[in-house]
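J.: Have a look at the structure that comes next, please.
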Amino acid sequence: MIYLDNEYLIGEGEIRFCYKHPLNDKLCIKIPRKETTRDYTEKELKYFNKLSKRSKVNFKFPFYTDFHHEISTNLGLGQVFDLVCDKTTNKVSKTLEYYLTQSDQISDDKLELGLLKLKKMMIKHKIFTRDLRSRNICCRIINDKNDIELVIVDGIGHRDFFPLADWFDFFSRKKVERTFDKWKFNCLNDQREYLKKQYSLLNL
Ligand SMILES: Nc1ncnc2c1ncn2[C@@H]1O[C@H](COP(=O)(O)OP(=O)(O)OP(=O)(O)O)[C@@H](O)[C@H]1O
Ligand SMILES: [Mg+2]
């Protein structure tokens, strides 16, 4: 049994809390909120199980956090995933939302390049996401020039009944392009406007 407390808490969302793994600094443990159904978690794990049959040797960089196993904790059953850390400091990477709204450490050019590379990798390796929000993408700083890699930490998968995008390049490209359009990632200022609207809806 692993013991988690606020000392290890990295972040939280509508579905779960995310903690650093106390015994392994390359991993994190996600604990579903009380109201999150087991069915929801299992659907996600099933998709990762399907992905695990893929070879990752051709990935230029790990552009999504992989699921490892489930683990028993004092807060209930948790799911162990890769943890995204900056290569320069070894600290947990901040999200793209953070760099778009609270920091100008990373230039727009670098963020745009990161998004372009992420999109290419998703198309090439047929990895899809239901929830490409900027809070679900971590921005890993890889060197002192503040070059970055964007890594999807949440929302991997799709629920298409006929998964044409899994089978045919043409449909994979269209699907990823639709995702980028839907979540306003083709232009950073559109994304910033979108975030502003979301915040004002939440009265933040
Ligand atoms: N693998 C990871 N590495 C680093 N930080 C992470 C990782 N996974 C999650 N985080 C941080 O924790 C936050 C919450 O995690 P996550 O997105 O998995 O929760 P969620 O409840 O599924 O989110 P949502 O509300 O988007 O559905 C993220 O926004 C991010 O800041
Ligand atoms: Mg999330």
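J.: Return a yes/no flag: does the range 179-191 have any residue that is more than 24 Å from Phe61 (Cβ to Cβ), without any contact (Cβ under 8 Å) to a residue 12 or more places away in the chain and of a type in the set (A, V, I, L, M, F, W, C).
T.: Taking every residue of the range 179-191 in turn, none turns out to be more than 24 Å from Phe61 (Cβ to Cβ), without any contact (Cβ under 8 Å) to a residue 12 or more places away in the chain and of a type in the set (A, V, I, L, M, F, W, C).
J.: Here are the criteria: (1) assigned by TED's automatic domain parsing to the domain that holds Lys43; (2) surrounded by 15 or more Cβ atoms within 10 Å (Cβ to Cβ); (3) not polar (S, T, N, Q). Tell me which single one Gly76 does not satisfy.
T.: It is condition (2) that Gly76 fails.
J.: Also, quick follow-up: For the range 151-187, give me each residue that is under 28 Å from Arg16 (Cβ atoms) and aliphatic (A, V, I, L, M).
T.: Of everything in the range 151-187, those that are under 28 Å from Arg16 (Cβ atoms) and aliphatic (A, V, I, L, M) turn out to be Val151, Ile152, Val153, Ile156, Ala165, Val176.
J.: Hey, can you tell me all the residues within the range 32-61 that are within 28 Å of Ile148 (Cβ to Cβ) and either outside any loop (DSSP other than H, G, I, E, B) or out of contact with any Asp or Glu (no Cβ under 7 Å at 6 or more places or on another chain) (or both)?
T.: As a first pass, look at the range 32-61 and keep what is within 28 Å of Ile148 (Cβ to Cβ): 44, 47-48, 51-52, 54-61.
Passing the criteria: Glu44, Tyr47, Phe48, Leu51, Ser52, Arg54, Ser55, Lys56, Val57, Asn58, Phe59, Lys60.
J.: Still on this structure, I have one more. Report every pair of residues separated by at least 6 positions or lying on different chains whose Cβ atoms are under 7 Å apart, first residue within the range 92-119 and closer than 14 Å to Leu188 by Cα, second part of a helix (DSSP H, G or I) and basic (Lys, Arg).
T.: Between residues of the range 92-119 that are closer than 14 Å to Leu188 by Cα and residues that are part of a helix (DSSP H, G or I) and basic (Lys, Arg), the close pairs are Glu97/Arg135; Leu100/Arg192.
J.: To continue, here is another question. Which of (1) of a type in the set (Ser, Thr, Tyr); (2) within 19 Å of Gly155 (Cβ to Cβ); (3) outside any helix (DSSP H, G or I) does Ser103 not meet, given it meets every other one?
T.: Exception for Ser103: condition (2).
J.: Okay, moving on. Out of curiosity, is Lys26 at pLDDT below 95 and either of a type in the set (Lys, Arg) or closer than 22 Å to Thr95 by Cβ (or both)? Write out each step before concluding.
T.: Values: at pLDDT below 95: no; either of a type in the set (Lys, Arg) or closer than 22 Å to Thr95 by Cβ (or both): yes.
No; evaluated as a whole, the condition is false for this residue.
J.: Give me the residue from the range 146-170 that is within 16 Å of ligand 2 (Cβ to nearest atom) and among the aliphatic types (A, V, I, L, M) and, out of that set, surrounded by the most Cβ atoms within 10 Å (Cβ to Cβ). Before the answer, list the steps.
T.: Of all residues in the range 146-170, those within 16 Å of ligand 2 (Cβ to nearest atom) come to 150-157.
Going one step further and asking which of them are among the aliphatic types (A, V, I, L, M), we end up with 150-153, 156.
Values: Leu150: 25, Val151: 22, Ile152: 22, Val153: 23, Ile156: 21.
In this case the residue turns out to be Leu150.
J.: Does any residue in the range 131-145 that is closer than 18 Å to Asn189 by Cβ and within 16 Å of ligand 2 (Cβ to nearest atom) come within less than 6 Å, Cβ to Cβ, of a residue that is part of a loop (DSSP other than H, G, I, E, B) and small (Gly, Ala, Ser) six or more places away or on a different chain, and which pairs are these?
T.: Cys139/Ser93
The values are calculated or read from the model by the stated rules, or taken from the named source; none is laboratory data. Quick caveat, the model's predicted, so the values are computed rather than measured. No Cβ is skipped: glycine too gets one built from the backbone with ideal geometry, and neighbour counts run over all protein chains shown.
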